[in-house]
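The values are calculated or read from the model by the stated rules, or taken from the named source; none is laboratory data. Source: prediction; values computed, not measured. Heads up, the Cβs are rebuilt from the backbone with ideal geometry, glycines too, and the neighbour counts pull from every protein chain shown. Keep in mind that these areas ignore ligands, DNA and RNA; they rest on the heavy atoms of the full protein, side chains included. Shrake-Rupley method; radii C 1.70, N 1.55, O 1.52, S 1.80 Å.
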Amino acid sequence: MPTNLVNCWKNFIKVKMLSKRLQTLVNLISSGDFVAADIGTDHGLLPINLIKNKIVKKVYAVDINVKPLKIAEKNIQKHNFQKEIPTILSDGLAFTTQISDEIEYCFLAGLGSGTILEILNKDNDKIKNYLICSNTEIEQIRKFTIAKNYFIQYESFFIDQKHRYWLIWINKQKSAKKLENIFLGDFKWFEQNLEYKIYLENQIQFLEKIFLKIENDEDAKLKLFNKIKQMKEYVQLWN
Ligand SMILES: C[S@@+](CC[C@H](N)C(=O)[O-])C[C@H]1O[C@@H](n2cnc3c(N)ncnc32)[C@H](O)[C@@H]1O
């Protein structure tokens, strides 16, 4: 096979091989003349995919660490996308004070909700939407959304390679809509999602075992009892 065809095939494979969680995020957005940012870009595969598939016109590939950013730079160079994908060494959104672009889609993936919330502390008007895929439960991110009077455009939960992921799309248009369930998420997003049901059933079993082991701490017991009760009521919604 001629070299350029081999390279073409390699690029095709690389771009096609986004993980399920990153592909799920990408599938949510519509193509347009937009600027995006990928915070915690690591390998840079998400920005490369967005440019390669002409979904947006420019993506800031951002990481707090030099080593992953160098890997991202190498991958970006392989595709010759240096112009479309500027790499930036930055703690979360700190870099946004240095740019004039409006960021339509800000991706945060492969991080836990604690780190994501720290990053969201620097939320500002340059960002229009957050597309988040967290490794941990997102109750606090829902609280952030309510406190800011933003709008949850979509939520999901899924398992990818035996890991659990919570997906939340925060649209920063002001919203009068009330969030019905901050703890577990509005059921409308999960009606068809049996992975979430199974996850909650397993969590209930796990927490019930902990409940039985708690001694001499009535407050902790009551708190956990109420949590389990809410989860059981939620699971009933699937019946
Ligand atoms: C597990 S990787 C996730 C990579 C990619 N987003 C994904 O989902 O496959 C997490 C990356 O986030 C970076 N990171 C962690 N905290 C960060 C922060 N506050 N700002 C920017 N990058 C951060 C790490 O250096 C690392 O490269």
Mind listing the phi-derived Karplus ³J(HN,Hα) values for the range 137-144, rounded to whole Hz, using 6.51, -1.76 and 1.60 with θ = phi - 60°, and x for any glycine or proline? 4, 10, 3, 5, 6, 4, 4, 4
Links exceeding 30 Å between C-alpha atoms in this model, out of Lys174/Lys209; Lys126/Lys177; Lys172/Lys232; Lys83/Lys177; Lys58/Lys122, come to Lys174/Lys209; Lys172/Lys232; Lys83/Lys177
Equivalent-ellipsoid semi-axes (√(5λ), Cα gyration tensor) for the chain, whole Å, largest first? 36, 20, 17
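How would you order 126-135, 108-117, 146-155 from highest to lowest mean count of nearby Cβ atoms within 10 Å?
Ranked from most to least packed, the peptides come out as 126-135, 108-117, 146-155.
Rounded if a/c is under 1.5, else prolate if a/b is larger than b/c, else oblate: which is the range 49-105, with a ≥ b ≥ c the root eigenvalues of its Cα gyration tensor? It would help to have the intermediate numbers written out before the result.
On the way: a/c = 2.20, a/b = 1.09, b/c = 2.01.
Oblate shape, in that a/c is at least 1.5 and b/c is the bigger or equal ratio.
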Which residues qualify? For Ile103, with a placed amide H closer than 5 Å and at least 5 residues away or on another chain, they are Ile127, Lys128
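In debye, nearest 20, what is the charge dipole magnitude of the chain about its Cα centre with +1 on Lys and Arg Cβ and -1 on Asp and Glu Cβ, if you could check? Intermediate values should be presented prior to the final figure.
Values: 35 positive and 28 negative charges, 140 e Å.
So the magnitude is around 680 debye.
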Tell me, how many Å apart are the Cα centres for the range 24-56 and for the range 73-123? 11 Å
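Give me Rg/Rg_expected for the range 197-236, where Rg uses Cα atoms only and Rg_expected = 2.2 N^0.38 Å with N residues. Could the numbers behind the result be given before it?
On the way: Rg = 10.3 Å, N = 40, 2.2 N^0.38 = 8.9 Å.
Cα-based Rg divided by the globular estimate yields 1.15.
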Search the structure for amide H atoms under 5 Å from the amide H of Ile88, placed 1.01 Å from N in the peptide plane, and list their residues when 5 or more places away or on another chain. Ala61, Val62, Asp63
Applying the Karplus parametrisation 6.51 cos²θ - 1.76 cosθ + 1.60 with θ = phi - 60° to the phi angles of the range 37-42, what ³J(HN,Hα) value in whole Hz is obtained for each residue in order, glycine and proline being reported as x? 9, 10, 8, x, 5, 6
At 1.4 Å probe size, with every protein chain present, just tell me what the per residue accessible area of the range 3-181 comes to in Å². 52 Å²
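Rounded to the nearest 0.05, what FRET efficiency do Ser100 and Asn65 have when you use their Cβ-Cβ distance and R0 = 22 Å?
Details: r = 26 Å, r/R0 = 1.17.
Efficiency computed from Cβ-Cβ geometry: 0.30.
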I need the phi-derived Karplus couplings for the range 203-210: 6.51 cos²θ - 1.76 cosθ + 1.60, θ = phi - 60°, integer Hz, Gly and Pro marked x. 5, 4, 4, 4, 5, 5, 5, 5
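Over the chain, what percent of the accessible surface lies on carbon and sulfur atoms, probe 1.4 Å? Write down the numbers at each step before the final one.
On the way: 6970 of 13550 Å².
Taking all protein chains in place, the chain shows 51 percent carbon and sulfur surface.
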So for the range 119-239, what are the equivalent ellipsoid semi-axes in whole Å, largest first, each being the square root of 5 times an eigenvalue of the Cα gyration tensor? 28, 17, 14
Aspartates and glutamates within cross-link reach of Lys128: Cα-Cα under 12 Å, excluding same-chain residues under 8 positions apart? Asp101, Glu102, Glu104
